[in-house]
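Computed from the coordinates by the stated procedures, all read-outs in this text should not be read as laboratory data. These numbers were taken from a predicted model, which means no experiment stands behind them. Glycine also receives a Cβ, built like all others from the backbone with ideal geometry; neighbour counts cover every protein chain displayed.
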Amino acid sequence: MVNLHTWSTCTLGHPVHLSTCTWSSFTLGHPACFDYHDAMMDSQNPTMVSPEEMKQNAKTEFEAWAGSYDRSLLNHFLFRPSYIMLMEEIARWYVEHRCPFRVLDIGCATGTLTGLLARSGWSVEVVGLDYAENMCHNARQKAMASGVSDTVRFVNADSEELPFATESFDIITCSNSFHHYPNQQRAVCEMHRLLTPGGRLIIIDGFRDCVIGWFVYDVIIDRIEHQVHHAPWPVVHGYYEQAGLQDIRRRKFNFLFPAFATIGDK
Ligand SMILES: C[S@@+](CC[C@H](N)C(=O)[O-])C[C@H]1O[C@@H](n2cnc3c(N)ncnc32)[C@H](O)[C@@H]1O
């Protein structure tokens with residue numbers, strides 16, 4: 001099997017974080033289960049950091065970014081289109097079910113999506129969860145300023161150890177955060193555990209299975225954020241299947257920062 005890490009280091013002068021398992025997904029056309037940390041260990045990458053270090057890197061980055069996060073240009077190019085996509089998908093679920101429901105937004109940052117949901121007029125309880133305490137703090141301030149602090153609450157925790165009872169949420173969303181998780185399969189299993197039967201999981205992340213996406217995420221963003229992994233669609237599909245989700249589907253969107261939503265039901 002071809003080791004793309006070695007290949008990319010030789011040809012691009014930069015280690016693109018792909019694994020042999022990713023490669024087999026593309027060439028063999030079947031979803032493979034992927035664990036970022038295990039794959040990096042397999043590739044004997046000298047720059048390998050531990051899962052804890054990877055999480056700490058993300059925490060440090062976002063604690064520092066929290067104050068200016070809402071003014072970032074990425075809001076226009078990536079985050080806002082993601083919120084629109086999520087609201088559309090949640091509306092679809094709501095049309096089918098028409099009942100009071102509970103949403104968990106993982107990696108909620110300053111709580112923009114939770115605010116949109118709280119003001120939607122739907123009968124919804126919303127929880128935002130983020131690993132960066134400053135993000136949670138700013139999210140609480142925003143919720144208070146817009147008068148929705150009774151409907152939403154924010155929890156400072158790690159996506160891989162979600163501090164909620166089994167079957168607590170009808171919908172779980174996670175946008176532009178998944179590439180920071182070292183144990184992605186474990187995170188999806190945790191999300192599945194929290195869903196009620198018939199509940200829906202929607203994860204959005206960068207779509208790197210095309211030339212623009214590969215360049216933006218595997219080359220540029222990887223250099224800026226370090227030790228992140230934008231999992232290709234077949235791999236995310238594999239995570240969902242392994243966790244026990246059904247009717248797994250994909251929606252692609254955006255041009256300059258191509259992204260995709262993976263939707264699955266419990
Ligand atoms: C780029 S922001 C995306 C925020 C928002 N969902 C959006 O689409 O704009 C990524 C967020 O994920 C959070 N995050 C990173 N690793 C996490 C983890 N292991 N558990 C929970 N949140 C995490 C970061 O603190 C950050 O707020």
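Computed over the alpha-carbon atoms, region 172-266 gives an Rg to Rh ratio of 0.97, Rh here being the Kirkwood radius from the mean inverse distance.
Expected output is a single nm value to one decimal: the length gained when fully extending between Asn156 and Arg250, i.e. 0.36 nm times separation in residues minus the C-alpha distance. What is it? Don't skip to the end; give the middle numbers.
On the way: separation 94, 0.36 × 94 = 33.84 nm, distance 2.90 nm.
Extra length from Asn156 to Arg250 when fully extended: 30.9 nm.
Could you list Tyr240, Tyr181 in order of exposure, starting from the residue whose Cβ has the fewest other Cβ atoms within 10 Å?
On the way: Tyr240 24, Tyr181 28.
Ranking Tyr240, Tyr181 by Cβ neighbours within 10 Å, fewest first, gives Tyr240, Tyr181.
Please state the charge dipole magnitude for region 114-266, taken about the Cα centre, from unit charges on C-beta atoms (+1 on K and R, -1 on D and E), reported in debye and rounded to the nearest 20. The partial results should precede the final answer.
Numbers: 14 positive and 18 negative charges, 89 e Å.
It works out to roughly 420 debye.
Note on Phe164 and Ile220: the extension gain reaches 16.6 nm, defined as 0.36 nm multiplied by sequence separation minus the Cα-Cα distance.
With contacts taken as Cα pairs under 8 Å at a separation of at least 6 residues, region 94-228 carries a relative contact order of 22 percent. For region 50-265, a Kirkwood hydrodynamic radius built from all Cα pairs, placed in the Stokes-Einstein relation at 37 °C and 0.692 mPa s, yields a translational diffusion coefficient of 191 µm²/s.
A cut-off under 11 angstrom between Cβ atoms defines the neighbours of Gly107, and their net charge, with Lys, Arg +1 and Asp, Glu -1, is -4. Only the Cβ atoms of Lys and Arg (+1) and of Asp and Glu (-1) were treated as charged; on that basis the dipole of region 217-256 about its Cα centre amounts to roughly 200 debye.
Straight-distance candidates among the lysines for linking to Lys59, with alpha-carbon spacing under 29 Å and chain neighbours fewer than 8 residues away dropped: Lys142, Lys252. Think of region 50-265 as having a plus end and a minus end, set by charges on the Cβ of Lys, Arg, Asp and Glu; of Leu86, Gly238, Gly264, Leu86 sits farthest toward the positive end of this dipole. Overall, the ratio between the Cα radius of gyration of region 117-174 and 2.2 N^0.38 Å, rounded to two decimals, is 1.15.
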